[in-house]
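Report on the structure given below.
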Amino acid sequence: MSPENTPHAGLHPRTRIKYCGMTRQSDVEFADRLGVDAIGLVFYPPSPRAVTPEQAAPLAKAAGVFCSRVGLFVNPSEAEVRETLGLVSLDVLQFHGDESPDFCASFDRPWIKALRVRDSESLAQALDQYQGADGWILDAYKAGVPGGTGETFQWTLIPERWRRRIVLAGGLTPANVNEAVCAIRPQGVDVSGGIEAGKGLKSPDKMTEFMRQVTLADAGR
């Protein structure tokens with residue numbers, strides 16, 4: 001059978017979707033019913049979407065078996081990460097600070113490194129430095145802000161060879177995610193503020209429309 005006639009010919013990888021900054025069990029349950037691939041729990045106290053490990057534990061349990069639980073940290077100590085892992089069932093760790101690759105890899109979990117995009121040269125250097133990551137989340141650079149800027153960046157700065165391992169973030173909304181997926185074809189997209197009715201409070205309508213737009217983009221529409 002020729003390659004073009006195989007059962008998988010013409011199929012394209014589906015864009016994975018992560019809804020981050022979850023603070024309410026009802027939002028987690030709704031996201032899971034929609035079929036999102038991952039939810040993000042923020043363990044960074046300055047964030048308006050931060051949760052304590054005690055608050056996060058029932059949120060993690062509310063996600064279904066096919067929904068990954070991602071824990072977001074910014075320059076934590078080893079003890080803080082291990083304490084959180086002891087209380088919350090996390091599948092993936094996401095680091096947004098100045099953590100070294102060795103630190104990120106030391107917890108026996110898949111890990112993602114968030115990188116803030118300033119220009120193509122510094123981005124390429126960061127991707128090389130953290131090439132051992134299981135994925136990278138790219139967000140817009142804003143001085144003094146480790147992530148969740150709510151701002152987009154120039155997507156074409158992402159080197160072509162890395163795009164299928166990129167999780168695209170930074171100012172994504174139901175209005176622009178279709179364009180972003182079509183332009184980059186990333187591994188996944190990560191959204192927080194773009195699906196909210198208020199800080200940390202997700203909107204079911206926005207969650208639904210965001211997923212619909214990603215699905216349309218994957219279908220080439």
Could you say which residue among Gly148, Gly144 is over 17 Å from the mean Cα position of the chain (by Cα), under 19 Å from Val74 (Cα atoms) and either among the acidic types (Asp, Glu) or modelled with pLDDT under 85 (or both)? Gly144
For the stretch 49-62, pairs from a residue that is more than 15 Å from Gly86 (Cβ to Cβ) to a residue that is of a type in the set (D, E, K, R) and surrounded by 13 or more Cβ atoms within 10 Å (Cβ to Cβ), with Cβ under 6 Å and 6 or more apart or across chains, are Ala62/Glu29
Restricting to the stretch 185-210, name every residue that is open to solvent by less than 10 Å² (accessible area, probe 1.4 Å) and within 14 Å of Ile137 (Cβ to Cβ). Pro186, Gly188, Val189, Val191
Looking at the stretch 167-177, is at least one residue open to solvent by 70 Å² or more (accessible area, probe 1.4 Å) and at pLDDT below 95? no
Quick test of your reading of the structure: Asp139 fulfils all but one of (1) within 19 Å of Ile17 (Cα to Cα); (2) assigned to a loop (DSSP other than H, G, I, E, B). Name the failing condition by number. (2)
Of all residues being free of Cβ contacts under 8 Å to residues at least 24 places away in the same chain and not acidic (Asp, Glu) in the stretch 89-124, which is farthest from Gly171 (Cα to Cα)? Just the residue, please. Ser100
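The values are calculated or read from the model by the stated rules, or taken from the named source; none is laboratory data. Since the structure is predicted, the reported quantities are computational estimates derived from the model, not experimental observations. Cβ coordinates were reconstructed from backbone atoms using ideal geometry, including for glycine residues, and neighbour counts include every protein chain displayed. Ligands, DNA and RNA are stripped out before the accessible areas are found, and what is left, the full protein with its side chains, is counted by its heavy atoms. Shrake-Rupley method; radii C 1.70, N 1.55, O 1.52, S 1.80 Å.
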